[in-house]
Amino acid sequence: MIDFALVFSKMYDDPEFMKEMLELYLTRSPELIEAIKNNSAEAQTVRLSAHELKGMSLNISAEPVAQLAGEIEEAALANQLEKIPVLLDSLQKLFDLAQQEMRNYLKEHSLD
């Protein structure tokens, strides 16, 4: 799911910077997903949280997560809040996979 070689190049080939960015993503992303979940009736909160998650996901090349976060952002922008629960369920599943890949990468490369 994640092209770690691409992430590494985005991080200026700096393993410490990459570690910091992955750890930040692993910390902040669950908070954003929780904010979407807990505020699914508030379009503005959902839109802002999804937008931040989309940007963070693109920074670390978690493209499938970014795509779904973008779909949630668009649904909130269009005030189509009924779409959020289904999209959120898919987002959570993809995030769980991405999260595991990141944790494995950090461990395998002694960056944990």
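The values are calculated or read from the model by the stated rules, or taken from the named source; none is laboratory data. Quick caveat: nothing in here was measured; it's all calculated off a predicted structure. Positions of Cβ are generated from backbone atoms using ideal geometry, with glycine treated the same way; all protein chains shown enter the neighbour counts. SASA here: full protein model, heavy atoms, side chains in, ligands and nucleic acids out. Shrake-Rupley method; radii C 1.70, N 1.55, O 1.52, S 1.80 Å.
Somewhere in the stretch 53-76, is a residue aliphatic (A, V, I, L, M), over 13 Å from the mean Cα position of the chain (by Cα) and over 26 Å from residue 107 (Cα atoms)? Write out each step before concluding.
Here is the first cut: in the stretch 53-76, the ones aliphatic (A, V, I, L, M) are 53, 56, 58, 60, 62, 65-66, 68-69, 72, 75-76.
Within this subset, residues satisfying the condition of being over 13 Å from the mean Cα position of the chain (by Cα) are 75-76.
Right, trim to over 26 Å from residue 107 (Cα atoms) and you get 75-76.
Yes, some residue in the stretch 53-76 is aliphatic (A, V, I, L, M), over 13 Å from the mean Cα position of the chain (by Cα) and over 26 Å from residue 107 (Cα atoms).
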For this session: Write out, first by first residue and then by second, each pair whose Cβ atoms fall under 8 Å of each other, whose residues are 6+ apart or on separate chains, and whose first residue, in the stretch 87-106, is charged (D, E, K, R) while the second is open to solvent by 40 Å² or more (accessible area, probe 1.4 Å).
Result: 101/1; 103/112
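Does residue 108 qualify as being over 17 Å from residue 32 (Cα atoms) and modelled with pLDDT under 95?
Numbers: over 17 Å from residue 32 (Cα atoms): yes; modelled with pLDDT under 95: yes.
Yes: the conditions hold for residue 108.
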For this session: Report, by residue number, each residue of the stretch 80-92 that is closer than 13 Å to residue 39 by Cα and of a type outside the set (Asp, Glu).
Result: 81, 84, 85, 88
Exercise. Name the pairs: first residue in the stretch 58-73 and closer than 12 Å to residue 21 by Cβ and polar (S, T, N, Q), second residue open to solvent by less than 10 Å² (accessible area, probe 1.4 Å) and assigned to a helix (DSSP H, G or I), Cβ to Cβ under 6 Å, at least 6 apart or on different chains?
Worked result: 61/7
Exercise. Is the stretch 17-39 home to any residue that is under 17 Å from residue 86 (Cα atoms) and of a type in the set (S, T, N, Q)?
Worked result: yes
